[in-house]
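A.B. asks: Structure in structure tokens, see below.
Throughout, read-outs are computed from the coordinates displayed, never taken from laboratory work. It should be emphasised that the depicted structure is a prediction, and the values quoted were computed from it without experimental measurement. We place every Cβ from the backbone using ideal geometry, glycine too, and count neighbours over all the protein chains shown.
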Amino acid sequence: MNENIYRTMKQKRLIIFIPSIEGGGVEKNLFIISDYLKDKIKDISLITVSNKFKSRFSRKIRFVSPKANFWDSIGRRKKFFVGLFLLFFQILKDRNALVFCFQGNVYCTLLCKLLGVKIIVRSNSAPDGWSQNIFKYLVFKYVLGCADKIIVNSFDFKKKFKAKFNINTECIYNPLNKNEIIKKSKIKNKIKFDKKKLKLINVGRLTDQKDQLTLLKAVNRIKNKIKLNLLIVGRGIEKENLNKYIRENDLSKYVKLIDFQNNPFHLIKSSDVFILSSLYEGLPNVLLESQALKKFIISSNCPTGPREILLNGKAGFLFKVGDYTQLSNLILKYSKNKKSSLKRILIGYKNLNRFDYKLNLKKYLKVIHSLI
């Protein structure tokens, strides 16, 4: 690295802002990116209200959070405001800082611009999910337009941002460590699949966005046509609604819900098909991880990410968002001709190089260079 650039970087403080760490795809990227940056930037801090994840970060990163464990239990929106309060005082102590925001983008951008501090925003999911009414649209358009740099994680996402807000962004794919995923997939767990049945899996937060209800409806439609098992891995506010649907439709023999797993890779490896049913995404890590484990993928053609990852259907099946009938037909299609699906798996696996973690982490550092 150029010595003059490195000397400049040592003089500027980088503050990573993520008030609520919940263990999803955003957090996976946070852990990988922060671990990389710790050896590239001397003065780096992380502001969060989630104390329980402190052990996941290097001691080279200054951890800024409330000391009492009580704060871990408050809701996400409250964590945003506590996090902003912490950020406010950190900036007052040292205005020679660059903020890298992973969460609460509008609030954080507004605060940084009021205090005259540069900010990089990493937007994690397509605007279809968070700018539905005119008020939100105007707030996002004008506030995010003030950010010094906006990073998105797919080219579809980049196009949508430009079309919707007329804001230029930079696309950096999620950094994928394929070898690490394969290594973790070898760690076995106690959950076993019935080898005689088609093994389906979904991993993600149990929320409206992830729309596991569409997946349950698809399984309900074909439960008497083929032998299958579905494993849903995650936690969230929709858990009870999903369990209610399972009970009311006598799906307990076919479907199992288990809690969030730090390492779900052996479960994915043991399955036949990974199914993503989301209403919207950014660039879903779990599809990349499934490709790294050479699993067949069926995904909603939601904005944004799945179509890009699956190469417009060359590397898996795509179905219309919310269309459980089409999804169920695609599951049947796979079950009747598994061998013909091998080509799609290999195409996906061979195209994973564009998500290589070393390649994309260098891009993050380059963006920081441009503002530091």
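A.B. asks: Applying 1/(1 + (r/R0)^6) with R0 = 30 Å to the Cβ-Cβ distance of K195 and N353, what FRET efficiency is obtained, to the nearest 0.05?
C.D. replies: So, using R0 = 30 Å, E works out to roughly 0.40.
A.B. asks: Now for a different question. What are the equivalent ellipsoid semi-axes of the range 178-354, built from the alpha-carbon gyration tensor (square roots of five times its eigenvalues), in whole angstrom, biggest first?
C.D. replies: 22, 18, 17
A.B. asks: Next up: Taking square-rooted eigenvalues a ≥ b ≥ c of the alpha carbon gyration tensor, is the range 273-372 rounded, prolate or oblate, where a/c under 1.5 means rounded and, failing that, a/b exceeding b/c means prolate?
C.D. replies: In terms of gyration-tensor shape, oblate.
A.B. asks: Further question: If you project the alpha carbons of the range 148-214 onto their three principal axes, what span does each projection cover, largest first, in Å?
C.D. replies: 51, 32, 18
A.B. asks: Tell me which of I16, Q261, L86 sits at the most positive position along the dipole axis of the chain, charges placed on C-beta atoms (Lys, Arg +1; Asp, Glu -1).
C.D. replies: Comparing the listed Cα positions along the dipole, Q261 ranks first.
A.B. asks: Between K366 and I74, how high is the FRET efficiency from 1/(1 + (r/R0)^6) when r is the Cβ-Cβ distance and R₀ = 56 Å? Nearest 0.05.
C.D. replies: So, using R0 = 56 Å, E works out to roughly 0.95.
A.B. asks: Only counting other Cβ atoms within 10 Å, I'd like R13, R62, R95 sorted with the fewest neighbours first.
C.D. replies: In order of increasing Cβ crowding within 10 Å: R95, R62, R13.
A.B. asks: Along the Cα-to-C-beta direction of N337, a point sits 7 Å from the Cα; which residues of the range 298-316 have their amide N less than 20 Å from that point?
C.D. replies: 298-299, 311-316
A.B. asks: Quick check on packing: order 149-156, 69-76 by the mean number of other C-beta atoms within 10 Å, highest mean leading.
C.D. replies: 149-156, 69-76
A.B. asks: Please give me the summed charge of the neighbours of W71: other residues whose Cβ is under 9 Å from its Cβ, Lys and Arg +1, Asp and Glu -1.
C.D. replies: Result for the local shell: +2.
A.B. asks: Turning to a different aspect of this structure: In nm, to one decimal, how far is the V139 label point from the L115 one, both placed 7 Å along Cα→Cβ?
C.D. replies: So the label points at V139 and L115 sit 2.0 nm apart.
A.B. asks: May I ask you to order 310-317, 214-221 by the average number of other C-beta atoms within 10 Å around their residues, highest value first?
C.D. replies: Going from most to least packed, we get 214-221, 310-317.
A.B. asks: Helix-derived [θ] at 222 nm for the chain: sum -39500 (n - 2.57) over DSSP H runs of at least 4, divide by residue count, nearest 500?
C.D. replies: The helix-only estimate for the chain comes to -12500 deg cm²/dmol at 222 nm.
A.B. asks: Continuing with the same structure: So what J values fall out for the range 141-147 if you push phi through Karplus, 6.51 cos²θ - 1.76 cosθ + 1.60 with θ = phi - 60°, rounded to Hz, Gly and Pro as x?
C.D. replies: Working through the residues one at a time gives 4, 7, 6, 5, x, 8, 5 Hz.
A.B. asks: Report P(r) for the chain: all Cα-Cα distances, bin width 20 Å, range 0 to the bin holding the largest distance, values in whole percent.
C.D. replies: 28, 57, 16, 0
A.B. asks: Quick check on the range 194-298: take the gyration tensor over C-alpha atoms, sort the square-rooted eigenvalues as a ≥ b ≥ c, and tell me if it's rounded (a/c under 1.5), prolate or oblate.
C.D. replies: Here the range 194-298 falls in the oblate category.
A.B. asks: Magnitude of the Cβ-charge dipole of the chain, K/R +1 and D/E -1, about the Cα centre, nearest 20 debye?
C.D. replies: With only Lys, Arg, Asp and Glu charged at Cβ, the dipole is about 1120 debye.
A.B. asks: Evaluate the range 4-110: find the radius of gyration of its Cα atoms, find its Kirkwood radius, and give the ratio Rg to Rh.
C.D. replies: Reported Rg/Rh (Cα atoms, Kirkwood Rh): 0.95.
A.B. asks: What ranking do T304, T325 get, fewest neighbouring Cβ atoms within 10 angstrom at the top?
C.D. replies: With the sparsest Cβ surroundings first, the list reads T325, T304.
A.B. asks: What's the angle, to the nearest 10 degrees (0 to 90), between helix 155-165's Cα axis and the longest principal axis of the chain?
C.D. replies: Taking Cα atoms only, the helix is inclined about 60 degrees.
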